[in-house]
């Protein structure tokens, strides 16, 4: 039979009879991954959705002023393919972190409740980030063709 070893992050990890330790991936255990995802997905709003919305509402001067005062917006807009691709890649990583197989919460009630609450927040932030990314993608690539088809 194998033995059990307590991981430095207080997770129980199975140790095989040969003595090989199986540690979980430390990258996926970082709590800031979900906030990075939300931040990067918000960049798609800044580059793509916000300027189109403001111009549609008649605030073209505001868009020009924003582009003049925040030069990073022009960079994001020029490279929107990369912006959307990187955001989608990070969203896929976060989805894998949330729904990867063999996840277990601790059996101690207090830690189990904390684990479940953390998983709920991860899912909420993932879906908010996904909606933000979809809005950016829709306004960048789908809005104009739909508008042309409908003759608006």
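The values are calculated or read from the model by the stated rules, or taken from the named source; none is laboratory data. This one's a predicted model, so the numbers in the text were calculated from it and none came from an experiment. Cβ: placed from backbone, ideal geometry, glycine included. Neighbour counts: every protein chain shown.
Can you tell me which residues in the stretch 97-113 are surrounded by 12 or more Cβ atoms within 10 Å (Cβ to Cβ) and within 21 Å of residue 36 (Cα to Cα)?
Taking the stretch 97-113 first, the residues surrounded by 12 or more Cβ atoms within 10 Å (Cβ to Cβ) are 97-99, 103, 105-106, 111-113.
Correct list: 97, 98, 99.
For the condition touching a residue at least 60 places away in the same chain (Cβ under 8 Å), touching a helix residue (DSSP H, G or I) at 6+ places or on another chain (Cβ under 6 Å) and on the phi < 0 side of the Ramachandran plot, what is the one hit in 73, 94, 84?
Answer to the check: 94.
Tell me which of these residue 68 doesn't satisfy, since it passes every other one: (1) at pLDDT 55 or above; (2) loosely packed, with under 11 Cβ neighbours inside 10 Å; (3) within 29 Å of residue 103 (Cβ to Cβ).
Status for residue 68: all satisfied but (3).
Would you confirm whether any residue within the stretch 45-63 is more than 26 Å from residue 141 (Cβ to Cβ) and touching a helix residue (DSSP H, G or I) at 6+ places or on another chain (Cβ under 8 Å)?
no
What is the residue count in the stretch 107-123 for residues that are touching a helix residue (DSSP H, G or I) at 6+ places or on another chain (Cβ under 9 Å) and free of Cβ contacts under 8 Å to residues at least 24 places away in the same chain?
Total satisfying the criteria: 1.
So which residues in the stretch 131-145 are modelled with pLDDT of 85 or more, surrounded by 11 or more Cβ atoms within 10 Å (Cβ to Cβ) and either over 21 Å from the mean Cα position of the chain (by Cα) or not assigned by TED's automatic domain parsing to the domain that holds residue 104 (or both), if there are any at all?
Correct list: 142 only.
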